[in-house]
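A quick write-up on the structure given underneath.
The values are calculated or read from the model by the stated rules, or taken from the named source; none is laboratory data. What you see is a predicted model, and the numbers here were worked out from it, not measured in a lab. As a convention, Cβ positions derive from the backbone with ideal geometry for all residues, glycine included, and neighbour counts pool all protein chains shown.
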């Protein structure tokens, strides 16, 4: 609380010095402690990099840790809306937390910009004019992987994901685009760390490829064990298990794996070059997918603030919807449900010196919109 | 499903069980001798894995990493025993639960403070990587076989330590009658520190061994801790034999349940529902097993007194 | 009036006073925090009947807390989506009325406590701790994969449920509801402790033989206590879900069981108002430390540790001395 107060004080003082200026207050709820903290730290760092680069003293950011607990996220949201009176909220990493916070936040007249989670309900039936997703709808990367599997001539995939809603969405997304057959489909326990049994099933199944969605530590465990098992079928996955933050922990086991992502550090555009070098300079590590999403989210907000006052909700919403900012992804625009329409690329894990990272090898889907836009009535 | 696949899954279950045994042995020893419920046992597992990853990263030697995991976890164990744990022996279980829960918070966030929020890298060494072909044509990772072997050797060593050595006699005496062995001139507080450090070292070793094929990250100890508790409760608290049997039982149930339940359900319903429902039931299976065992034998399979 | 009674009165007065003050000063979030304290204290009051009075160390009370939460979630979700919950033997479309939701939450968690208790009470000591934990984990994994009601994503309710005559969306009115329920539960558990049943239960905690010789069965006493305890915690779960307008499997996780237990131990096991003080201190610490450092849980851990090691008998014991009101 103390850090928070002093930040507020500093901006209050500077606002005073500059005279009456319309302050914009942004509330960021993200995961900064516990096992999943790496993702939240990246989103925050990417976001703050853009905010600080803009050098605007009329924008104030309040950051709170949700500990990855939906209940705390709800309470922090209440606090930010009721006491801090924030205008815009952002930061949530996990779908279940987003589902807990977003509907009531938007209902209370706050803008919410998602830098990571994109549950299907919020893209479809429960879409809202004040809810913008700057990352992806949850199914998108999986759909691109399915499309890539067709391009690569894969005919018999073994697919697996944890037994929870995002896991089911992942496999549904893959199957939506993938035309081949399935050698097997397995739901693993959430938080499972040993995949010996599943790998044995894969070996015996006669599959020609493996598609998996196992975020965080689950993916690290799976890949290391898979590499050690001697099964050498090609592996495809979404970017989450191959991103900068965890790739070093997987090591050589991930080399050559194809993964799908809407961003990579080698995307050739000026905004991305600036972002990658500035991030490295400030934090001393390569930026991750999550950092790029945080950075884009901040720049989107800043671009809209240049055009409209956040208190004028209609004008500000139109400015957000226009999305006229230099995205690190290159082209970026919103569909009718305020979700991105964007290219999703296929990356390959490579080694650069001592560091494991990705390079783009193909485009999985071009100008791809999500499958739920039709269900959205705003 | 072929016989080879079934055998391979049984091996997987055994390997998981052996790993659980390393965790459970320390937990059950500490409970049996000192009457202490230690929720922070999983934190020591994490300490072992992080120490191993750090040393492997610096030296490149897996053996040194294992030694480091033993040393770091034993040292951390001895340190908490002397500063905190020994004040808890004559408290009730409630205070022990709260204090060791507090230790989890301190260890987890402390580790994150030192090593950062991102998982660490620890890999299987070159000479243990890749699969070997077993008689019958089963291809099985050499490293997992090594874990089974190490676990069995440690298990045998523990049985020997407790049945045949002077320290073992003191430990057994301590379980039976605390005052008596103190009266006989055994330095009981030193013995307790030793037992606690031994349990911690085993947990640390398990963390390092498993860390090479899983993810070395903050919070990695908690799921294992719960499983280890299930193991010692099934086996009977305080019994090393019980911990071994319980660990193998849990390992096999969890692995085989996860494989066969969805297949079983697929005989009765459409595949998508079957995989999902089977997976749900499989994740509850070991808790169902534990409840069943306790209903038949309220103090576990090999437990004397609760 | 003993010192403990004074402390109790002061606690209740401040729980009522602080939000009223915040209401005057237009600080709605303070009211929300106070509501959270009241509801979690209620969960603790439930646990304290098993723990303090009956000596039953249950590490599975999250099960009842979660069942209460899901009772609210399921009833309200059906009501808001106009999908009947069942059509036979009569049409039932769910409900967004708090009294009915509470009734369902209490009955459902009492039934669950009856089953879990009947099985678990065959064991004792550490085995009891662990078997209750096992039942909690079973429900937790079940809820995660129960896709009909959101699985791990949980269930979001867009508006808070209704209470006849009140506007529950107004923080101070919802606080009043939570406070009233807590006050009733405290009154009830004080009565229970002094009733013949409570005295017999207390006696069976200390020496089971003593009650057996007068013809009572400790098993039955404990089971009844466990059911009452589970029902109160279940009611707290329904209120907690309504506070957040959201329910998810985290309510069922063993961390939740641990936290409810911490409230009770922190305050002082067996003290009537322990859960209230414990919950208030814990939530205040969580809230204040969270702003100081990203690694605030280290400090929380250290404080808890110091508390256990040096404040035997909990916070109330520390302030009121060793005298125990009912024992």
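Please verify whether segment A:167-174 includes one or more residues that are away from chain C (no Cβ under 14 Å) and in contact with a helix residue (DSSP H, G or I) (Cβ under 8 Å, 6 or more places away or on another chain).
The answer is yes, given that some residue of segment A:167-174 is away from chain C (no Cβ under 14 Å) and in contact with a helix residue (DSSP H, G or I) (Cβ under 8 Å, 6 or more places away or on another chain).
Looking only at segment A:70-92, which residues are closer than 17 Å to residue C:246 by Cβ and touching a residue at least 60 places away in the same chain (Cβ under 8 Å)? Spell out how you get there, then give the answer.
Step one: list which residues in segment A:70-92 are closer than 17 Å to residue C:246 by Cβ, which gives A:70-82, A:89, A:92.
A:89, A:92 - these are the residues of segment A:70-92 that are closer than 17 Å to residue C:246 by Cβ and touching a residue at least 60 places away in the same chain (Cβ under 8 Å).
State all residues of segment A:286-312 that are in contact (Cβ under 8 Å) with a residue 40 or more places away in the chain, crowded, with 16+ Cβ neighbours inside 10 Å and over 27 Å from residue A:347 (Cβ atoms); if no residue qualifies, say none. So that I can check it myself, show each step before the final result.
Within segment A:286-312, the subset in contact (Cβ under 8 Å) with a residue 40 or more places away in the chain is A:286-302, A:305, A:309-311.
Retained after the next criterion (residues that are crowded, with 16+ Cβ neighbours inside 10 Å): A:286-302, A:305, A:310.
Of everything in segment A:286-312, those that are in contact (Cβ under 8 Å) with a residue 40 or more places away in the chain, crowded, with 16+ Cβ neighbours inside 10 Å and over 27 Å from residue A:347 (Cβ atoms) turn out to be A:301, A:302, A:305, A:310.
Among the residues of segment A:310-322, write down those that are touching a helix residue (DSSP H, G or I) at 6+ places or on another chain (Cβ under 7 Å) and at pLDDT below 95.
Hit for segment A:310-322 is A:310, nothing else.
Can we say residue B:167 is more than 14 Å from every other protein chain (Cβ to nearest Cβ), over 30 Å from residue C:269 (Cα atoms) and surrounded by 18 or more Cβ atoms within 10 Å (Cβ to Cβ)? Please lay out each step first, then the result.
Working: more than 14 Å from every other protein chain (Cβ to nearest Cβ): yes; over 30 Å from residue C:269 (Cα atoms): yes; surrounded by 18 or more Cβ atoms within 10 Å (Cβ to Cβ): no.
Taking the combined requirement at face value, the residue does not satisfy it.
Across segment A:172-185, what is the total count of residues that are in contact with a strand residue (DSSP E or B) (Cβ under 6 Å, 6 or more places away or on another chain) and either under 15 Å from residue A:369 (Cα atoms) or crowded, with 24+ Cβ neighbours inside 10 Å (or both)?
1
Determine which single condition residue C:244 fails, assuming it passes every other condition in (1) farther than 18 Å from residue B:97 by Cβ; (2) in contact (Cβ under 8 Å) with a residue 24 or more places away in the chain.
Unmet for residue C:244, out of (1) farther than 18 Å from residue B:97 by Cβ; (2) in contact (Cβ under 8 Å) with a residue 24 or more places away in the chain: (2).
Yes or no, residue by residue, for (1) more than 14 Å from chain A (Cβ to nearest Cβ); (2) free of Cβ contacts under 8 Å to residues at least 24 places away in the same chain; (3) crowded, with 20+ Cβ neighbours inside 10 Å:
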{"site": "C:21", "(1), (2), (3)": "yes, yes, no"}
{"site": "C:33", "(1), (2), (3)": "no, no, yes"}
{"site": "C:47", "(1), (2), (3)": "yes, no, yes"}
{"site": "C:51", "(1), (2), (3)": "yes, no, yes"}
{"site": "C:67", "(1), (2), (3)": "yes, no, yes"}
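Could you check, for segment C:276-283, whether at least one of its residues is surrounded by fewer than 22 Cβ atoms within 10 Å (Cβ to Cβ), within 10 Å of another protein chain (Cβ to nearest Cβ) and closer than 23 Å to residue C:299 by Cβ?
Among the residues of segment C:276-283, at least one is surrounded by fewer than 22 Cβ atoms within 10 Å (Cβ to Cβ), within 10 Å of another protein chain (Cβ to nearest Cβ) and closer than 23 Å to residue C:299 by Cβ, which makes the answer yes.
Residues checked against (1) more than 13 Å from the chain's Cα centre (by Cα); (2) more than 13 Å from chain C (Cβ to nearest Cβ):
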| residue | (1), (2) |
| --- | --- |
| B:226 | no, no |
| B:269 | yes, yes |
| B:280 | yes, no |
| B:292 | yes, no |
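If a residue must be surrounded by fewer than 15 Cβ atoms within 10 Å (Cβ to Cβ) and touching a helix residue (DSSP H, G or I) at 6+ places or on another chain (Cβ under 7 Å), how many such residues does segment B:183-196 contain?
In the first step, residues of segment B:183-196 are kept if they are surrounded by fewer than 15 Cβ atoms within 10 Å (Cβ to Cβ); the result is B:183-185, B:187, B:189-190.
Narrowing further to those that are touching a helix residue (DSSP H, G or I) at 6+ places or on another chain (Cβ under 7 Å): B:189.
Number of matching residues: 1.
Tally the residues that are under 18 Å from the mean Cα position of the chain (by Cα) and closer than 27 Å to residue A:148 by Cβ, restricting the search to segment A:267-287.
Result for segment A:267-287: 6.
Output the residues belonging to segment C:288-317 that are without any contact (Cβ under 8 Å) to a residue 24 or more places away in the chain and more than 7 Å from every other protein chain (Cβ to nearest Cβ).
C:289, C:293, C:296, C:299, C:303, C:306, C:310, C:311, C:312
In segment A:118-130, what residues are surrounded by fewer than 24 Cβ atoms within 10 Å (Cβ to Cβ) and out of contact with any strand residue (DSSP E or B) (no Cβ under 6 Å at 6 or more places or on another chain)?
A:120, A:121, A:124, A:125, A:126, A:127, A:128, A:129
How many of the residues in segment C:141-177 are in a helix (DSSP H, G or I), modelled with pLDDT of 85 or more and within 14 Å of another protein chain (Cβ to nearest Cβ)? Walk me through how you get there before you give the answer.
Going residue by residue through segment C:141-177, those that are in a helix (DSSP H, G or I) are C:141-145, C:147-149, C:151-153, C:171-177.
Next, only the ones that are modelled with pLDDT of 85 or more stay: C:141-144, C:149, C:171-177.
Within this subset, residues satisfying the condition of being within 14 Å of another protein chain (Cβ to nearest Cβ) are C:141-144, C:149, C:171-172, C:174-175.
Adding up the residues that qualify gives 9.
Of all residues in segment B:133-143, how many are facing another protein chain (nearest Cβ under 9 Å) and either touching a strand residue (DSSP E or B) at 6+ places or on another chain (Cβ under 9 Å) or part of a strand (DSSP E or B) (or both)? Before you say what the answer is, go through the steps one by one.
Going through segment B:133-143, the residues facing another protein chain (nearest Cβ under 9 Å) turn out to be B:139-143.
Then keep just the ones that are either touching a strand residue (DSSP E or B) at 6+ places or on another chain (Cβ under 9 Å) or part of a strand (DSSP E or B) (or both); that gives B:139-142.
Total meeting the criteria: 4.
Kindly provide the set of residues from segment A:178-210 that are more than 12 Å from chain B (Cβ to nearest Cβ), outside any strand (DSSP E or B) and farther than 19 Å from residue A:227 by Cα, ordered by number.
Taking segment A:178-210 and keeping what is more than 12 Å from chain B (Cβ to nearest Cβ), we get A:178-181, A:183, A:207-210.
Now drop any that are not outside any strand (DSSP E or B), which leaves A:178-180, A:207-208.
Within segment A:178-210, A:178, A:179, A:180 qualify.
When you go through C:198, C:237, C:230 one by one, which is the residue that is assigned to a helix (DSSP H, G or I) and within 14 Å of chain A (Cβ to nearest Cβ)?
On the way: C:198 fails: within 14 Å of chain A (Cβ to nearest Cβ); C:230 fails: within 14 Å of chain A (Cβ to nearest Cβ).
When all the criteria are applied, what remains is C:237.
Would segment B:48-65 turn up any residue that is in a helix (DSSP H, G or I), in contact with a strand residue (DSSP E or B) (Cβ under 8 Å, 6 or more places away or on another chain), surrounded by fewer than 24 Cβ atoms within 10 Å (Cβ to Cβ) and in contact (Cβ under 8 Å) with a residue 12 or more places away in the chain?
For segment B:48-65, residues in a helix (DSSP H, G or I), in contact with a strand residue (DSSP E or B) (Cβ under 8 Å, 6 or more places away or on another chain), surrounded by fewer than 24 Cβ atoms within 10 Å (Cβ to Cβ) and in contact (Cβ under 8 Å) with a residue 12 or more places away in the chain: present.
Hand me the list of helices (runs of 4 or more DSSP H) wholly inside segment A:211-313 holding 1 or more residues that are closer than 18 Å to residue A:343 by Cβ and more than 11 Å from every other protein chain (Cβ to nearest Cβ).
Working: elements: A:217-229, A:244-250, A:270-283, A:289-307.
Filter on segment A:211-313 gives A:270-283, A:289-307.
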